[in-house]
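> Once you've had a glance at the structure underneath, I'll fire off some questions.
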Amino acid sequence: MNAGPRPGLGCVGAPRLLAGLDRAARLDREAHLAVHGPLPRCHPDELVTLADDIELRGRGGAGFPFARKMRAVIRSARGRSDGLTAVVVNGSEGEPSCLKDTALLLHAPHLVLDGALLAAAALGAEEVAVAVTRADVEQSVREAVAERGPAGRRVRVARLPERFVTGEGTALVDGLNGGATLPSGQKVRTSERGLGGMPTLLSNTETFAQLAVAARLGASEYRTAGLPAEPGTVLLTVAGSTVVETPSGTSLPYVLQLCGTEPGQGVLVGGYHGKWLDPVSARAAQVSRQSLDALGARLGAGAVLPLPEDTCPAGEVARVARWMAGESAGQCGPCVRGLPALADVLDDAVRGGGRAALDAVEARMRSVLGRGACSHPDGTSRFVASALASFPDEFRDHALGSGCGRRVLGALPLPRDESPERLVVDWTLCRGHGLCVDVLPDVVRLDADGYPAEASMVVPGHLRPKALRAVRRCPALALRIQG
């Protein structure tokens, strides 16, 4: 994948994380210090207390309290004879709807490094690792490390594969340790065993940037923005293209309005493992955990995706479900078989497969829940379930053949430069031998006459070797891979 889109930036109220970017596109070390000033040093207890006082939570999705992570690392280090610890910055945004961490690392990388090095100094950590997936982000962080001179020698920058599951904690640590960058399938606490086997403080990019801001302001000043129970600001990625910094408690419709959009047919909050809000709920929502919890949603990694009135909801959801199936780690049944099967039956329903197709979608969703090596099958199933609940008439009309008459405009962003490869049938050559379905049953389905049911079929990345084998084995040479 190439560098991808660069986010537009904006602020609601006084900026903190994005401060100074109205004057320079990227804050180098000198500009960073001019805007934010020097970074104070903190004793471990002081830093933990600060994180507690400002209610700092991880901004990567789960929202785990940062102070509890620090305490867990400190406890684990005390139980080791060497007392070694490490700090890891998770800068891997594997979801196309999220750009906020990318924005920070491209435009304000020193704020992130400040937070990571502040935590490392408090913990006595010898190594700080920054994990990224984009070439332009890697370059920006490496330049920032070099700009810090000797102080940057403790920072290691690693570029990992750009895929949805890379950001999962065990996958990220495994990649940094030289492994396969895949979820372990085990409940391994990085606070006990992480980078190099050491107790590791792992959090995402924005979390460390918030910590650096709070250390400079102090808890009282930090709390002057946002809600009393959720102080400070939040970074959001709106419509997959604009990164906005807003105080918590801001009206969600107001944020959308400033970004030139509106709730439309509904708003997906929390990205592709998130929940759809209907237009009425979206217009009543605030950017806060409490407000969204009351609506059964979570802000997650800060992705906010309004669905315009002129696109097809069912087609948009099916398109994302297919991409999510292709993002499988390829190491457990619910991902390797369950998610592609879910995408297949969802496609059937959208193309007029009838009530039976909708029933099959429900069955496939249930079949993957709670069975994956990581949260990817559960999150994808919940995304589809939320869409079915939010757009029941749309899916029913499509399944029963009438449809909605709207095109799929791609309002839910997917990688632009990685159109999925497809297995394409040349009907002038195909003789219906059926060997392709024997080699590639997860992709090819035969019609009643024994011919492939579709002329063009998406090939998930992990099934590409089998697709090549199907091409080679076709007696009529009627298959090719395209894309």
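The values are calculated or read from the model by the stated rules, or taken from the named source; none is laboratory data. Keep in mind that what you see is a predicted model, and the values were worked out from it rather than measured. Every residue, glycine as well, gets a Cβ built from its backbone with ideal geometry; the counts of neighbours run over all protein chains shown. In case anyone asks, the SASA skips ligands and DNA or RNA and just uses the protein heavy atoms, side chains included. Shrake-Rupley method; radii C 1.70, N 1.55, O 1.52, S 1.80 Å.
> Looking at Thr133, Ala144, Leu123, which one has the Cα that reaches farthest to the positive end of the dipole of the stretch 71-157 (charges on Cβ: Lys, Arg +1; Asp, Glu -1)?
Final value for the positive-end residue is Leu123.
> For Leu227, which sequence-distant residues (separation of 5 or more, or a different chain) have an amide H within less than 5 Å of its own amide H, given hydrogens modelled in the peptide plane?
Hits under the 5 Å cutoff: Gly232, Ser248.
> OK, next. Show me, for the stretch 308-320, the HN-Hα J-couplings you get by feeding each phi into the Karplus relation (A = 6.51, B = -1.76, C = 1.60, θ = phi - 60°), rounded to Hz, glycine and proline as x.
So the Karplus estimates, Gly and Pro as x, are x, 5, 9, 10, 8, x, 5, x, 4, 5, 4, 5, 5 Hz.
> Sticking with this one: Cα-based Rg (one decimal) and Dmax (whole number) for the stretch 26-92, in Å?
Computed over the Cα atoms of the stretch 26-92, radius of gyration and Dmax are 14.9, 42 Å.
> Taking the alpha-carbon distance from Lys100 and a cut-off under 26 Å, which lysines remain once sequence neighbours fewer than 8 residues away in the same chain are dropped?
Lys69, Lys275
> Short version: ³J(HN,Hα) in whole Hz for each residue of the stretch 233-245, in order, from phi by Karplus 6.51 cos²θ - 1.76 cosθ + 1.60 (θ = phi - 60°), x for Gly and Pro, what are they?
Karplus values, whole Hz, x for Gly and Pro: 10, 9, 9, 10, 9, 9, 6, x, 9, 10, 9, 10, 9.
> Restrict the search to the stretch 20-68; then list the trypsin sites (Lys or Arg not before Pro) that DSSP places in a loop and that have at most 15 other Cβ atoms within 10 Å of their Cβ.
Within the stretch 20-68, the qualifying trypsin sites (Lys or Arg not before Pro) (loop, at most 15 other Cβ atoms within 10 Å) are Arg23, Arg41.
> For the stretch 64-80 and the stretch 21-39, what is the separation of their Cα centres, given in Å?
Measuring centre to centre over Cα atoms gives 31 Å.
> Further question on the same structure: Given contacts defined as C-alpha pairs under 8 Å and at least six residues apart, what's the relative contact order of the stretch 227-314, whole-number percent?
Working: 172 pairs, mean separation 29.1, N = 88.
Relative contact order comes out at 33 percent.
> Explain nothing, just the number: relative contact order of the stretch 423-483, from Cα pairs under 8 Å at least 6 residues apart, as a whole percent.
Once normalised by length, the contact order is 47 percent.
> What list of ³J(HN,Hα) couplings, whole Hz, do you get for the stretch 331-342 from phi and the Karplus terms 6.51, -1.76, 1.60, once you set θ to phi - 60° and write x for glycine and proline?
Here the 3J(HN,Hα) series is 10, 8, x, x, 8, 5, 10, x, 5, x, 5, 5 Hz.
> Follow-up. Scan the stretch 147-177 for GluC sites (Glu not before Pro) in coil per DSSP, keeping those whose Cβ has at most 10 other Cβ atoms within 10 Å, and list them by number.
Working: sites: Glu147, Glu162, Glu168; in loops: Glu162, Glu168.
Counting only loop positions with at most 10 other Cβ atoms within 10 Å, none of the GluC sites (Glu not before Pro) in the stretch 147-177 qualifies.
> Here is a further query. Dipole magnitude of the stretch 341-454 about its Cα centre, charges +1 at Lys/Arg Cβ and -1 at Asp/Glu Cβ only, in debye to the nearest 20? Before the final figure, lay out each step's value.
Numbers: 13 positive and 18 negative charges, 61 e Å.
Approximately 300 debye in magnitude.
> Hey, what's the stretch 348-483 come to in accessible area per residue, 1.4 Å probe, Å²?
Working: 7180 Å² over 136 residues.
Per-residue accessible area for the stretch 348-483 comes out at 53 Å².
> Roughly how far apart, in whole Å, are the Cα centres of the stretch 284-309 and the stretch 144-199?
29
> May I pose another question? For Ala129, enumerate residues with amide H under 5 Å from its amide H, sequence gap 5+ or separate chain, H modeled in the peptide plane.
The list, which skips near neighbours in sequence, is Val87, Val88, Val89, Arg156.
> Indicate the gyration tensor shape class of the stretch 107-229 (rounded, prolate or oblate), computed on the Cα atoms with a ≥ b ≥ c the square roots of the eigenvalues: a/c under 1.5 is rounded; otherwise a/b larger than b/c is prolate and the rest oblate. Write down the numbers at each step before the final one.
Working: a/c = 1.65, a/b = 1.35, b/c = 1.23.
Here the stretch 107-229 falls in the prolate category.
> Ratio of alpha-carbon Rg to the 2.2 N^0.38 Å globular estimate for the stretch 1-126, to two decimals, please. Don't skip to the end; give the middle numbers.
Details: Rg = 16.3 Å, N = 126, 2.2 N^0.38 = 13.8 Å.
The value comes to 1.18.
> Could I ask something else about it? Counting other Cβ atoms within 10 Å, keep those with at most 13, restrict to DSSP loop, and tell me which trypsin sites (Lys or Arg not before Pro) in the stretch 104-191 are left.
Working: sites: Arg134, Arg142, Arg148, Arg153, Arg154, Arg156, Arg159, Arg163, Lys187, Arg189; in loops: Arg134, Arg148, Arg163, Lys187, Arg189.
Here the sparse-neighbourhood loop sites are Lys187.
> Roughly what % antiparallel, to the nearest 5, for the DSSP beta bridges in the chain?
Numbers: 23 of 46 bridges.
Taking every DSSP beta bridge with both residues in the chain, the antiparallel ones total about 50 percent.
> Right, next: For the chain, which whole percent of the accessible surface, found with a 1.4 angstrom probe, sits on carbon and sulfur atoms? Numbers along the way, then the final one.
On the way: 9780 of 20000 Å².
Of all accessible area on the chain, carbon and sulfur atoms account for 49 percent.
> Rg to Rh for the chain: what is it, with Cα atoms only and Rh by Kirkwood? Don't skip to the answer; put the middle values down first.
On the way: Rg = 23.6 Å, Rh = 23.6 Å.
Checking Rg against Rh, the ratio lands at 1.00.
> OK, next. Can you tell me the accessible area per residue over the stretch 71-200, all protein chains present, probe 1.4 angstrom, in square angstrom?
Values: 4700 Å² over 130 residues.
Ligands and nucleic acids excluded, the result is 36 Å² per residue.
> Just to be sure I understand: if I project the alpha-carbon convex hull of the stretch 108-151 onto a plane and average over all orientations, what area do I get in nm²?
3.1
> Which of Leu17, Leu423, Val188 sits closest to the plus end of the dipole of the chain, meaning its Cα is farthest towards the positive end, when Lys and Arg get +1 and Asp and Glu get -1 on the C-beta?
Result: Val188.
> Please give the peptides 350-356, 239-245 ranked by average Cβ packing (other Cβ atoms within 10 Å per residue), highest first, as a rough proxy for protection. Could you put the intermediate results ahead of the total?
Details: 350-356: 15.9, 239-245: 22.3.
The packing order, highest mean first, is 239-245, 350-356.
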